[in-house]
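Here's the structure, in structure tokens; my notes come after.
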Amino acid sequence: MSLLSVQGLSKRFAVRGGVLRGVKAWVQAVNDVSFELSAGETLGIVGESGCGKSTLGRAILQLDPPSEGQVLFQGQSQIGLSRRQLMPFRRQAQMVFQDAYEALNARHTVGRILIEPYEIHGLGSGTEREAWARDLLARVGLPAESFDRYPHEFSGGQRQRIGIARAIALNPQLLVCDEPVSALDVSVQSQIMNLLMDLQRERDLGMVFIAHDLAVVKHLSHRIAVMYLGRIVEMGPAQALFERPKHPYTRALLDAIPTVDVTTEQPLKPLEGDVPSPINMPSGCAFRTRCPYASEVCASGIPALEGSDGATAHRVACHRAAELDLSPGAS
Amino acid sequence: MGGNVPLLSVDDLSVSFRTERGRAAVLDGVSFELQAGETLGLVGESGCGKSVTSLGITRLLPKPSGQIDRGSVRLDGQDLMELPAFEMQKIRGPRIGMIFQDAMTALNPVQRLSRQMDESIRLHAPTLSRAQATDRALELLTDVGIPSPELRLNDYPHQLSGGMRQRVMIAMALSAEPDLLIADEPTTALDVTVQAQILMLIKRLQAERGMAVIFITHDLGVVAQVCQRVAVMYAGRIVEQGSVASLFSDPKHPYTQGLFNSIPHLDRVPLTPLPTIEGQVPSPMDMPPGCRFAPRCQHATAACLTRPVLQSNPDRAVACHQVSL
């Protein structure tokens with residue numbers, strides 16, 4: 001049984017306007033997303049701004065309840081539960097945010113921030129809670145005196161360590177990380193990535209790792225899902241997806257990354273145009289307005305995510321996937 | 001470097017800011033040169049002083065807290081630090097154009113693009129009629145790749161996407177045909193596919209117009225794509241500079257090496273520990289003596305307690321006691 005099973009998950013937001021604040025349109029931020037995640041596995045989710053990756057993360061954790069679809073955690077449905085009923089799931093599934101400063105209570109000391117999860121879930125005595133919180137600080141590599149300090153006294157990288165310490169306080173099985181390193185400088189980014197990989201190994205954590213930086217995602221993930229305008233357009237083992245991309249959008253993302261390799265003169269090959277507005281989506285395949293391979297068939301219907309099942313499955317949602325050779329080198 | 005009179009020559013530029021806890025020396029003795037038509041990347045992590053360098057050059061430091069303590073900035077041999085403020089205004093725009101990370105705040109949100117373009121075009125070419133200025137605006141917008149520019153001219157900035165706004169800002173900077181363009185993180189807020197469009201645009205315009213560009217970024221990949229030379233900054237100083245081809249294939253300064261090592265390359269073995277630079281950037285209020293990287297450097301010795309001199313050969317300059325060129 002997988003740790004996490006997401007089935008047909010969708011999330012709609014109403015766009016309101018006019019004098020009576022009536023619903024003018026619906027934005028389909030996440031559209032029919034399905035995947036499985038095992039313990040000890042990381043699923044990377046990549047895509048550009050507005051593709052729905054953060055909304056997906058929040059919908060999985062029931063921070064924003066999904067509009068449709070199913071979320072099973074260890075086989076148990078987490079949909080439509082009350083706050084109280086969600087408590088066991090909340091203990092097992094935690095989130096790490098991009099902006100740790102926003103996510104931490106600025107008026108509380110780090111010690112109090114780390115003790116709070118134990119209080120909420122009624123675990124341990126006062127002295128036990130403090131001892132656990134001090135252990136957490138040591139585990140994420142912060143000095144012991146951090147306990148009595150406030151979040152503003154720390155650098156961005158240290159704050160993210162505090163955010164991670166809080167997330168692992170209750171010994172969760174699942175961590176959803178939403179752009180946890182994108183606000184950090186590169187030298188600090190690698191420290192935090194190493195910490196997350198160590199914690200995963202040590203605790204057999206399942207991780208959903210959301211980021212826009214493909215190199216970061218590739219380094220941390222066992223499998224990767226690429227999102228465009230709310231849908232997964234390609235999903236597969238990290239290595240296969242980078243070596244043999246099957247969706248033109250995945251290939252375009254790879255081609256757009258400026259690499260530090262100066263030995264080969266490889267100009268960037270930018271995609272034309274911008275991401276369409278999610279309020280006014282193209283018919284058929286949503287990517288066809290920017291796709292260099294688009295043909296008539298692409299307007300005909302939304303392509304399904306197809307391919308074999310299982311852990312090594314490499315699946316793609318593209319009408320023309322069978323005819324295209326998108327491996328790097330081919331053009 | 002190079003025998004010609006440089007377009008821009010920055011010598012010993014030092015800037016400090018007044019804070020509640022005293023003066024913070026943010027820039028300490030920054031020197032570099034830029035030839036006409038050349039693209040220099042200024043890279044480093046947050047707080048290294050790369051943006052302050054550009055504000056120092058253009059004399060746009062926030063007043064009264066920011067102050068130039070010493071140094072000179074020469075444009076075609078003329079010292080910009082000596083110029084009266086109204087003369088400096090004639091430098092910004094026609095001689096030195098600027099584009100910033102956040103195009104939304106750099107554009108006026110309550111004016112249509114037509115009016116903003118008209119203003120920036122006729123400020124530098126007062127003899128143009130309104131109709132001629134509109135023609136010029138259309139030409140510039142076409143040049144930066146904005147589809148149906150005659151429709152876009154009626155738009156307000158918020159009606160454009162982030163990439164389009166950045167294109168408009170580039171078009172406005174180019175309207176005065178500057179000799180030098182300072183681009184401060186112009187693609188950092190953009191998605192990777194749109195970033196690629198803007199990088200290719202800047203590269204094309206630079207080549208067509210023979211403009212010099214200072215490209216400020218934290219992204220080494222971006223430098224590799226658009227720059228010929230690069231200067232690496234750490235804690236308010238340039239620690240290494242050279243041609244991109246040479247510095248990227250053989251970084252000499254331990255900090256530069258650490259930066260390259262800690263980037264998660266696509267060809268690295270996944271799920272293995274990444275090399276890191278331990279510790280943190282020092283606070284400008286509390287800079288270590290001597291080499292400012294020494295407290296984080298694996299190679300540091302007692303010699304590093306004194307300030308390293310900049311060693312240079314025609315291809316490279318490095319400020320490190322442990323490296324000999």
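Just to be sure I understand, how many residues within the stretch A:1-23 are part of a loop (DSSP other than H, G, I, E, B), closer than 26 Å to residue A:226 by Cα and either among the hydrophobic types (A, V, I, L, M, F, W, C) or open to solvent by 60 Å² or more (accessible area, probe 1.4 Å) (or both)?
Let us first name the residues in the stretch A:1-23 that are part of a loop (DSSP other than H, G, I, E, B), namely A:1-3, A:18-21.
Remaining after also requiring closer than 26 Å to residue A:226 by Cα: A:1-3.
Subsequent filtering for residues that are either among the hydrophobic types (A, V, I, L, M, F, W, C) or open to solvent by 60 Å² or more (accessible area, probe 1.4 Å) (or both) retains A:1, A:3.
Residues meeting the conditions: 2.
Name the pairs: first residue in the stretch A:279-304 and within 28 Å of residue A:17 (Cβ to Cβ), second residue in a loop (DSSP other than H, G, I, E, B) and hydrophobic (A, V, I, L, M, F, W, C), Cβ to Cβ under 6 Å, at least 6 apart or on different chains?
Within 6 Å, the pairs are A:286/A:229; A:290/A:271.
This table checks each residue for (1) charged (D, E, K, R); (2) touching a strand residue (DSSP E or B) at 6+ places or on another chain (Cβ under 6 Å); (3) within 18 Å of residue A:54 (Cβ to Cβ); (4) surrounded by 19 or more Cβ atoms within 10 Å (Cβ to Cβ).
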residue	(1), (2), (3), (4)
A:106	no, no, no, no
A:110	no, no, no, yes
A:114	no, no, no, yes
A:124	no, no, no, no
A:127	no, no, no, no
A:130	yes, no, no, no
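Failed condition for residue A:251, given (1) touching a residue at least 60 places away in the same chain (Cβ under 8 Å); (2) assigned to a loop (DSSP other than H, G, I, E, B); (3) more than 17 Å from residue A:32 (Cβ to Cβ), with all others met?
(2)
In the stretch A:93-104, how many residues are open to solvent by 50 Å² or more (accessible area, probe 1.4 Å) and in contact with a strand residue (DSSP E or B) (Cβ under 9 Å, 6 or more places away or on another chain)? Walk me through it before giving the result.
Pass one, the stretch A:93-104, residues open to solvent by 50 Å² or more (accessible area, probe 1.4 Å): A:97-99, A:101-102.
Now drop any that are not in contact with a strand residue (DSSP E or B) (Cβ under 9 Å, 6 or more places away or on another chain), which leaves A:97-98.
Residues flagged as open to solvent by 50 Å² or more (accessible area, probe 1.4 Å) and in contact with a strand residue (DSSP E or B) (Cβ under 9 Å, 6 or more places away or on another chain) within the stretch A:93-104 amount to 2.
Of everything in the stretch A:24-53, what is within 14 Å of another protein chain (Cβ to nearest Cβ), surrounded by 18 or more Cβ atoms within 10 Å (Cβ to Cβ), closer than 19 Å to residue A:206 by Cβ and not β-branched (Val, Ile, Thr)? Give them in sequence order.
A:41, A:43, A:44, A:53 - these are the residues of the stretch A:24-53 that are within 14 Å of another protein chain (Cβ to nearest Cβ), surrounded by 18 or more Cβ atoms within 10 Å (Cβ to Cβ), closer than 19 Å to residue A:206 by Cβ and not β-branched (Val, Ile, Thr).
Looking at the stretch B:244-274, which of the residues that are in a helix (DSSP H, G or I) and among the β-branched types (Val, Ile, Thr) is nearest to the chain's Cα centre (by Cα)?
Only one residue fits best here, namely B:244.
State yes or no: is residue B:305 at pLDDT below 95 and out of contact with any His (no Cβ under 6 Å at 6 or more places or on another chain)?
Answer is no for this residue.
Can you pull out every residue in the stretch B:1-22 that is more than 19 Å from the chain's Cα centre (by Cα) and modelled with pLDDT of 90 or more? Let's see the steps before the verdict.
So in the stretch B:1-22, the residues more than 19 Å from the chain's Cα centre (by Cα) come out as B:1-5, B:17-22.
Answer for the stretch B:1-22, where residues must be more than 19 Å from the chain's Cα centre (by Cα) and modelled with pLDDT of 90 or more: B:17, B:18.
Would you list the strands (runs of 3 or more DSSP E) that sit entirely within the stretch B:38-137 and hold 1 or more residues that are at pLDDT below 95 and crowded, with 21+ Cβ neighbours inside 10 Å?
By residue number, B:96-99.
Given the conditions (1) in a helix (DSSP H, G or I); (2) within 12 Å of chain A (Cβ to nearest Cβ), which single one is not true for residue B:172?
All conditions are met except number (2).
Yes/no per residue for (1) in a loop (DSSP other than H, G, I, E, B); (2) within 17 Å of residue B:230 (Cα to Cα); (3) open to solvent by less than 10 Å² (accessible area, probe 1.4 Å):
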site: B:5; (1), (2), (3): yes, no, no
site: B:9; (1), (2), (3): no, yes, no
site: B:14; (1), (2), (3): no, no, yes
site: B:24; (1), (2), (3): no, no, yes
site: B:28; (1), (2), (3): no, no, no
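The values are calculated or read from the model by the stated rules, or taken from the named source; none is laboratory data. On a predicted model such as this, the values are computed, not experimentally measured, just so you know. Positions of Cβ are generated from backbone atoms using ideal geometry, with glycine treated the same way; all protein chains shown enter the neighbour counts. Surface areas here come from the heavy atoms of the whole protein model, side chains and all, with no ligands, DNA or RNA. Shrake-Rupley method; radii C 1.70, N 1.55, O 1.52, S 1.80 Å.
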